[in-house]
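The block underneath contains the structure these notes are about, expressed in structure tokens.
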Amino acid sequence: MLFLQAYFYKMNVLILGGGGREHALAWKINQSEQCGKLFLAPGNAGTAGFAENIALSPEDFPAIKSFCQEQNINLVVVGPEAPLVAGVVDYFHSDPDLSEVRIIGPAKEAAELEGSKKFAKEFMAKYNIPTAAYRSFTNGEEAAAQSFLEELKAPYVLKADGLAAGKGVLIISDLAEAKAEAAAMLGGKFGEASKTLVIEEFLDGKEYSVFALTDGKEHLVLPVAKDYKRIGEGDTGLNTGGMGAVSPVSFVDDSLWVKTIEQVVEPTIKGLASENFDYAGFVFFGLIEVNGEPKVIEYNVRMGDPETEVVMPRIESDLLQHLWAAANGNLADEKIEISDSFCTTVMAVSEGYPGSYEKGKVMSGLENLEDCIPFHAGTKLVDGKVLTAGGRVIALSAMGANKEAALAKSYAAAKTICFDGIQYRNDIGFDL
Ligand code: AMP
Ligand code: GLY
């Protein structure tokens, strides 16, 4: 009887995506006793070890539908933003054939919190959530945008309204250059994405990331994290997808944490409920501390990468159960348990990243890793060999009683892994 009951509750799960974030989500979900079959589309060499990778694009909704039907999928977890902004949740919720399948992520309307900077700023203004002062402009309003720039102090922050592959935010110190860029962006420098432009006040402070899981009314708060965005040590050089992360974050003390929850997280979740958004999923608050006060830099409607690689190892309770509760609108009774340990991750990247780089380099050393949780970011399994398949290749996560102990393990792992051209930052975890 007991066996039957346990069997009955096993869930088949499909995770969309194939980076370090999805590997970390899969690793955590796979620890749940309620996890039945686990699939990733497309997954990577790391997830192939314990789950089944399927060669489907997260944006091919009809193919995902067929797969869900064939494999009796109970829960779909959407990793990246693109399928959300393209409406994968709406697709599932409007198809009677898929009425039994639950999906983690917001519907398209609420995904605009990430998909449109203007939409996000208007939401924050409406719900009194602290953020930088701003104005938005559309194509044809070049002169107005330029005179607004004259009212601001340098540096100037120009943001393409839409998704621009992480390249749509420009921070410019020279007024004349900022004016020229504003005109270029409105003229379509980033295509449709920049034909609406947000210009905002520059905020000077330290950035941190907070994540919540919501069912649209209630929420659980996940561990706080910080990512290290730039390619070079001292956080210099080009922006990347993220070169490493730590959790918890030393400057996020009790006072800043309480303000973040009261002024940002709770009003945001209340706002989602007031707007009646169809939103069972993660909310990612990109924050900056300015003189002890939290301000929102951006919302994302998914988990962060590489933050997920330090957040997941610190969650002690059953994530799959929390996700199932969120997807069913039952989050009120869930309690999240978080470890007091520290987690750090160091991202090993390909030579040339974030510019052009070669793929297909053979990785070795994985079998020699000790006390490390490797999350593959851009790898592929070919003829039993792990090959590099992206700019960010592998996130080397480790736990420790303090940040230094965790970092020592992440860096020992970075020295153990080999592939031609391997690079990583040596200053992950340092206070910037
Ligand atoms: P976003 O795509 O909105 O996250 O912006 C990318 C990066 O630009 C952020 O992570 C910040 O480092 C920086 N940034 C964005 N907005 C501001 C701002 N108002 N003041 C200072 N830095 C900003
Ligand atoms: N680490 C930042 C992001 O995922 O957008």
Using the Karplus equation 6.51 cos²θ - 1.76 cosθ + 1.60 (θ = phi - 60°), what ³J(HN,Hα) coupling, rounded to whole Hz, does each residue of segment 133-142 give in order, writing x for Gly and Pro?
4, 7, 9, 10, 9, 10, 2, x, 9, 4
Rounded to a whole number, the Stokes-Einstein D of segment 272-348 in µm²/s (Kirkwood radius over Cα pairs; 37 °C; 0.692 mPa s) is 223 µm²/s
Shape descriptors of the chain over alpha-carbon atoms, Rg and Dmax in angstrom, are 21.3, 74
Run the reach check for Lys179 against aspartates and glutamates, Cα to Cα strictly under 18 Å, same-chain hits fewer than 8 apart removed. What comes back?
Glu141, Glu142, Glu150, Glu151, Asp161, Glu200, Glu201
Based on the mean of other Cβ atoms within 10 Å per residue, sort peptides 363-371, 297-305 so the most packed one is first.
297-305, 363-371
Could you pull out every residue, at least 5 positions away or on a different chain, whose amide H is within less than 5 Å of the one on Asn12? Hs are placed 1.01 Å off N in the peptide plane, and Pro or chain starts have none.
Gly36, Lys37, Asn74, Leu75
Over segment 303-432, with a single point scatterer placed on each C-alpha, what log10 of the ratio I(q)/I(0) does the Debye formula yield at q = 0.13, 0.15 1/Å?
-0.61, -0.77
Between segment 140-160 and segment 314-367, how far is it from one alpha carbon centroid to the other, in angstrom?
38 Å
Rg and Dmax of segment 93-189, using alpha carbons, in Å: what are they?
17.2, 56
Normalized C-alpha radius of gyration of segment 198-290, against 2.2 N^0.38 Å?
1.20
Grab the DSSP H runs of the chain that are 4 residues or longer, score each as -39,500 (n - 2.57), total them, divide by all residues and round the 222 nm result to the nearest 500 deg cm²/dmol.
-8000 deg cm²/dmol
If we count other beta carbons within 10 Å of each Cβ, what is the order of Lys28, Lys159, fewest first?
Lys28, Lys159
For segment 146-275, what percent of Cα pairs sit more than 19 Å apart?
64 percent
GNM of the chain, Cα pairs under 10 angstrom: of Val101, Val382, Val296, the biggest fluctuation goes to Val382
For Val258, Val386, Val346, which order do you get if you count the other beta carbons within 10 Å of each Cβ and list the fewest first?
Val258, Val386, Val346
With springs only between Cα atoms under 10 Å apart, run a GNM on the chain and tell me which of Ala55, Ala325, Ala412 wobbles the most.
Ala55
Between Cys418 and Lys37, take the C-beta separation as r, use R0 = 30 Å, and let me know the FRET efficiency to the nearest 0.05.
0.35
Span from the segment 383-432 Cα centroid across to the segment 210-231 one, whole angstrom:
22 Å
Got a sec? How would Phe61, Phe92 order by Cβ neighbour count within 10 Å, fewest to most?
Phe61, Phe92
Output the peptides 140-151, 417-428, 75-86 sorted from most to least packed, where packing is the average of other Cβ atoms within 10 Å over each peptide's residues.
75-86, 417-428, 140-151
Under a Gaussian network model of the chain whose springs join Cα atoms within less than 10 Å, the largest fluctuation of Thr236, Thr138, Thr388 belongs to Thr236
Quickly work out the Asn328-to-Ser66 label distance, labels modelled 7 Å from Cα along the C-beta direction, and quote it in nm with one decimal.
3.1 nm
Within segment 198-341, count lysine pairs with alpha carbon atoms under 12 angstrom apart where the residues are 8 or more positions apart or belong to different chains.
4
Could you give the radius of gyration (one decimal) and Dmax (whole number) of the Cα atoms in segment 43-137, in Å?
16.8, 50
Inter-probe distance in nm under a simple model that places probes 7 Å from Cα toward Cβ, at Phe430 and Ala180
3.4 nm
How big is segment 297-340 by the Kirkwood estimate over distinct Cα pairs, in Å?
11.8 Å
Extension gain, Ala55 back to Lys359 (0.36 nm per residue minus Cα-Cα distance, nm):
107.6 nm
Report the label-to-label distance for Ala144 and Glu275 in nanometres (one decimal), using points 7 Å from each Cα along the Cα→Cβ vector.
2.2 nm
Note down the magnitude of the dipole of segment 83-167 about its Cα centre, charges +1 on Lys and Arg C-beta and -1 on Asp and Glu C-beta and zero elsewhere, to the nearest 20 debye.
420 debye
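Coordinate-derived values only; no laboratory data. What you see is a predicted model; the values in this text were computed from it and never measured. FYI the Cβ positions are ideal-geometry reconstructions off the backbone, even for glycines, and counts take in every protein chain you see.
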